[in-house]
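The values are calculated or read from the model by the stated rules, or taken from the named source; none is laboratory data. Just so it is clear, the structure is predicted and the values come from calculations on it, not from any experiment. Here the Cβ positions follow ideal geometry from the backbone for every residue, glycine too, while neighbour counts run over all protein chains shown.
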Amino acid sequence: MPELLLAATVLAAGYALGRARPGTRAFDWASDTIDRPDTTRRTVRWWLCQAVFAIVIARLFITAPRQTAHDWRHRNDPPPPLGRAVVFDPEWADKRATSEPPGRP
């Protein structure tokens with residue numbers, strides 16, 4: 001019975017952490033704080049932001065190392081070229097009226 005209680009407690013704690021998303025909130029705080037003009041390397045806030053960013057990068061390399069390394073290597077690549085522009089046939093209604101659908105007598 002104590003194992004069942006422990007499992008239920010762990011599941012409830014995991015659910016609560018998933019709903020609260022403390023990592024996302026910490027990253028959002030760091031991202032918003034680092035953009036302020038009063039946040040410089042001489043402030044404690046800047047160093048706390050750097051610690052949060054280091055934890056986020058470490059988590060990315062731990063959970064998806066190959067994808068993270070690939071994204072890091074290709075972060076400055078130019079975007080892929082766009083496809084050709086779609087050109088509409090101005091006489092499509094005339095062609096549709098004169099042609100017969102296949103398979104009909």
Residue 20 surrounded by 10 or more Cβ atoms within 10 Å (Cβ to Cβ) and within 22 Å of the chain's Cα centre (by Cα): yes
Sort through 97, 85, 51, 93 and tell me the only one that's among the hydrophobic types (A, V, I, L, M, F, W, C) and at pLDDT 95 or above. 51
Surrounded by 10 or more Cβ atoms within 10 Å (Cβ to Cβ), at pLDDT 90 or above and touching a Lys or Arg at 6+ places or on another chain (Cβ under 9 Å), is that true of residue 45? yes
